[in-house]
Amino acid sequence: MKILQDNNKLAKLLRYQCMKALWVGVLLCLHSLSTYAQYKIDRLILNGRVALHYEDYVLSIQYFNQAISKKPYLWEPWQLRAIAKYYLEDWNGAEADATKAIELNPYITGLYDLRGISRIRLEQYDGAIEDYTKAISLEPDNRNYWYNRAACHMEQKNYDKALLQLDTILSRWKNYAPPYLLKAEVYLNTKDTLAAEQWIEKSLQVDSFNANAWRIRANLALHKERWKDADLYFSKALHLKPKDVGSLINRALARLRLNNLRGAMSDYDEALERDPNSFLAHYNRGLLRQRVGDDNRAIEDFDYVLTFEPDNVMALFNRATLLDRTGDLKGAIRDYSKVIEKFPNFWTGLHYRAECYRKLGMIAKAEQDEFRILKAQMNKHLGIQHRWNANQITAARKMSDIDPEKYNQPVVDDEVENRQEYKSEYRGRVQNRQVEERYQPYIAMVIGARDDAISNNKFFDLEVETFRMRLSELSKQYGFSVPSLGIVGETTGILTDDAVDRLSESISKTKDTSEAAAMLLLRSVAYSSAQNYQEALKDIDNYMQIEPSSSIALWQRAVCGAMSVEYEKGLTPQESDLRKAGVMSDFAKLYEQEKRNAYIIYCYATFCARMNEYDKALELFNKALNIDPRMAYAYYNRGLVCLLSGKASQAKVDFSKAGELGLYNAYSLMKKKVKK
């Protein structure tokens with residue numbers, strides 16, 4: 001009996017030990033899984049930091065997106081993604097991410113600095129002042145926070161508050177140069193140039209290597225026509241900041257006044273090397289080349305100016321005089337006529353055009369111009385003189401003086417802008433790209449589709465997948481490629497041409513109507529992938545006679561029709577209108593059948609956008625994004641619709657989201673095209 005009891009005790013002990021070991025094992029597994037998950041998040045954040053360090057901001061955003069999707073309650077990836085967006089000049093996105101990071105951890109001072117500097121870029125100065133006030137309460141000895149708050153007050157034209165805060169800063173940090181310069185800018189804004197010069201001098205005594213101080217001092221000298229001083233001060237500014245195009249152009253102006261033509265030409269050449277699109281540099285270099293007799297190259301500069309401002313009367317008249325001198329009399333008359341059309345009483349222009357007419361033997365026209373001059377002179381003698389109306393003045397010239405009699409004077413900006421340099425650790429190089437204003441492509445079945453460059457996720461639709469499974473059996477039998485959802489117009493031509501041949505052969509071999517129909521639809525996909533939309537539409541129409549209720553076929557026909565409207569040449573206006581109406585009808589019918597398919601709605605919206613039906617397009621993009629809020633293409637296209645229809649603020653938001661989701665060209669479009 002005792003042995004039995006001992007055995008029972010032993011069995012209980014063994015069971016206990018086994019259960020204990022089991023629970024320990026389970027706990028260890030759970031701990032290891034948790035540790036691995038945390039390691040994975042830390043690794044994502046580290047990879048994002050590395051990409052951020054090497055200025056690959058788009059890649060860093062993708063890493064932070066993954067970290068946020070897995071653990072949205074961590075503040076750090078929100079902060080780091082905000083920094084990446086700030087570097088890409090997506091200040092709306094940076095402000096939103098910084099706000100989220102602050103919600104998760106309101107005790108990190110740098111978050112308020114990040115949101116504050118983003119709000120400054122958005123010109124939301126009230127919000128920036130609140131952020132820097134909070135940052136100062138957490139870190140009162142950070143002089144940059146004090147400086148930025150004072151700068152915000154100046155931007156709001158609260159000059160008394162700005163001066164009061166600057167006095168506080170200077171009482172604590174006497175050797176901190178930026179507040180001296182900011183005080184000078186406050187006095188410049190209040191038109192007290194004497195006090196401004198005194199504070200610029202104090203700023204340079206504290207820090208003689210501040211390029212911004214030398215530039216502001218040079219602009220003051222330029223304004224007061226102290227040409228030697230302006231040349232000297234701009235030279236010092238450029239020694240410290242050699243890539244400043246504005247300083248090069250202004251120094252050239254000072255050198256022109258000093259008759260240093262060689263130095264001025266060198267400055268204009270260097271300015272255009274650094275900024276080939278500079279209007280002022282091209283215009284003023286054209287004047288200088290005209291002055292030194294380099295007429296042909298002067299014409300090139302004015303040609304460039306007129307590509308951007310075709311109605312710029314100053315450039316037109318200067319080019320006209322150059323064409324006149326180089327023997328292109330018809331070209332000169334064309335340009336003189338455009339100027340005279342805007343300013344009918346511009347006697348110099350009438351006189352020069354009359355001379356051109358005489359050289360060409362067009363005596364009657366020359367006499368008409370000469371009579372107009374004589375009549376205007378007589379009217380002036382009698383006290384009758386026509387004035388330019390406001391519309392003529394506005395249309396004629398946007399910069400500087402619009403008097404055409406001053407056509408041979410260099411151009412300067414109407415107001416010299418003192419670019420405020422805010423103090424923040426968040427700075428970086430923006431990735432600039434040349435991006436066209438072009439909608440993202442349609443989505444449909446294609447052969448030879450490339451991997452989606454936007455995300456790792458594949459396009460997926462249940463009905464398309466069912467059709468693909470049906471085709472997979474036929475592909476084994478007949479040896480053709482199975483299509484997949486992808487971007488229309490971005491496929492491999494060799495694969496699609498080969499697929500057309502294989503499918504044509506397979507259709508001729510099969511005796512099963514169902515098989516032939518499926519391969520007929522597939523051949524239409526191959527044709528469309530090879531951008532042969534006419535043949536693709538023929539095959540789809542034949543397929544729909546067999547399967548009239550197929551939404552997949554209707555989807556393909558709508559997209560092929562949409563592509564053919566844009567890319568097929570030789571259509572008459574009536575044929576084009578008929579094709580557009582047919583495509584719109586197909587999309588409308590398809591939308592009624594598939595109201596929960598985000599891809600179809602996106603394609604419908606994109607076609608409406610391309611046809612300039614912006615209200616309808618916006619409505620459909622909204623519906624597509626309600627179904628799939630991570631469709632980068634839809635955000636991009638909706639942003640472009642908003643941009644073209646004058647809704648710039650909404651365009652910024654959409655481009656920001658498209659960039660966040662990986663469509664990084666949206667950042668370039670946002671920077672270059674979205675204007676206030």
Scan the range 521-536 residue by residue and report those that are surrounded by 21 or more Cβ atoms within 10 Å (Cβ to Cβ) and not aromatic (Phe, Trp, Tyr).
-> 521, 522, 523, 524, 525, 526, 528, 529, 530, 536
Filter the range 622-676 for residues that are at pLDDT 85 or above and of a type in the set (Val, Ile, Thr); the one that is surrounded by the fewest Cβ atoms within 10 Å (Cβ to Cβ) is 627
Are any residues in the range 511-552 closer than 15 Å to residue 447 by Cα, part of a helix (DSSP H, G or I) and among the small types (Gly, Ala, Ser), and if so, which ones?
-> 518, 524, 526, 528, 529, 536
In the range 586-633, what residues are closer than 18 Å to residue 645 by Cβ and among the small types (Gly, Ala, Ser)?
-> 605, 609, 617, 624
Which of the residues that make up the range 249-301 are in a loop (DSSP other than H, G, I, E, B) and of a type in the set (Val, Ile, Thr)?
-> 292
Name the pairs: first residue in the range 127-149 and farther than 9 Å from residue 113 by Cα and touching a residue at least 60 places away in the same chain (Cβ under 8 Å), second residue part of a helix (DSSP H, G or I) and among the aromatic types (Phe, Trp, Tyr), Cβ to Cβ under 8 Å, at least 6 apart or on different chains?
-> 148/132
Considering only residues of the range 599-617 that are in a helix (DSSP H, G or I) and of a type in the set (D, E, K, R), which is surrounded by the fewest Cβ atoms within 10 Å (Cβ to Cβ)?
-> 615
Filter the range 155-172 for residues that are under 27 Å from residue 223 (Cβ atoms) and open to solvent by less than 10 Å² (accessible area, probe 1.4 Å) and give the result.
-> 162, 166
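So, restricting to helices (runs of 4 or more DSSP H) that lie completely within the range 38-122, which ones have at least 1 residues that are of a type in the set (S, T, N, Q) and free of Cβ contacts under 8 Å to residues at least 12 places away in the same chain?
Working: elements: 57-70, 75-87, 91-104, 109-121.
So the answer is 57-70.
Condition check ((1) open to solvent by 10 Å² or more (accessible area, probe 1.4 Å); (2) over 17 Å from residue 130 (Cα atoms); (3) of a type in the set (Phe, Trp, Tyr); (4) in contact with a Ser or Thr (Cβ under 7 Å, 6 or more places away or on another chain)) across all residues:
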residue	(1), (2), (3), (4)
72	yes, yes, no, no
77	no, yes, no, no
106	yes, no, no, no
109	yes, no, no, no
When the residues of the range 257-298 are filtered to those that are in contact with a Gly (Cβ under 9 Å, 6 or more places away or on another chain) and over 23 Å from residue 212 (Cα atoms), which remaining residue is most open to solvent (accessible area, probe 1.4 Å)?
-> 297
From the option list 49, 115, single residue qualifying as closer than 26 Å to residue 655 by Cβ, open to solvent by 80 Å² or more (accessible area, probe 1.4 Å), at pLDDT 80 or above and not acidic (Asp, Glu) is 49
Looking at the range 310-333, which of its residues are surrounded by fewer than 16 Cβ atoms within 10 Å (Cβ to Cβ) and out of contact with any Asp or Glu (no Cβ under 9 Å at 6 or more places or on another chain)?
-> 310, 311, 327, 330
For the range 210-246, what are the residues that are in a loop (DSSP other than H, G, I, E, B) and open to solvent by less than 50 Å² (accessible area, probe 1.4 Å)?
-> 210, 244
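Can you find, within the range 173-209, the residue that is least open to solvent (accessible area, probe 1.4 Å) among those that are assigned to a helix (DSSP H, G or I) and hydroxyl-bearing (Ser, Thr, Tyr)?
Kept after step one, since they are assigned to a helix (DSSP H, G or I), are these residues of the range 173-209: 178-189, 193-206.
Applying the additional criterion that residues be hydroxyl-bearing (Ser, Thr, Tyr) yields 180, 187, 193, 203.
Details: 180: 30, 187: 53, 193: 47, 203: 0 Å².
Checked the range 173-209; the qualifying residue least open to solvent (accessible area, probe 1.4 Å) is 203.
Looking at the range 127-136, can you tell me whether even one residue there is part of a loop (DSSP other than H, G, I, E, B) and open to solvent by 10 Å² or more (accessible area, probe 1.4 Å)? Write out each step before concluding.
Step one: filter the range 127-136 for residues part of a loop (DSSP other than H, G, I, E, B), giving none.
Checking the range 127-136: not a single residue is part of a loop (DSSP other than H, G, I, E, B) and open to solvent by 10 Å² or more (accessible area, probe 1.4 Å).
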Any idea which of (1) among the charged types (D, E, K, R); (2) touching a Leu at 6+ places or on another chain (Cβ under 9 Å); (3) free of Cβ contacts under 8 Å to residues at least 12 places away in the same chain is the one residue 515 doesn't satisfy?
-> (3)
So residue 596 fits all but one of (1) modelled with pLDDT of 85 or more; (2) out of contact with any helix residue (DSSP H, G or I) (no Cβ under 9 Å at 6 or more places or on another chain); (3) not in a helix (DSSP H, G or I); what number is the exception?
-> (2)
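The values are calculated or read from the model by the stated rules, or taken from the named source; none is laboratory data. Note that this is a predicted model, so its numbers are computed, not measured. Quick reminder, even Gly has a Cβ in these numbers, built from the backbone with ideal geometry, and neighbours come from all protein chains shown. Heads up: the accessible areas ignore ligands, DNA and RNA and are worked out on the full protein's heavy atoms, side chains in. Shrake-Rupley method; radii C 1.70, N 1.55, O 1.52, S 1.80 Å.
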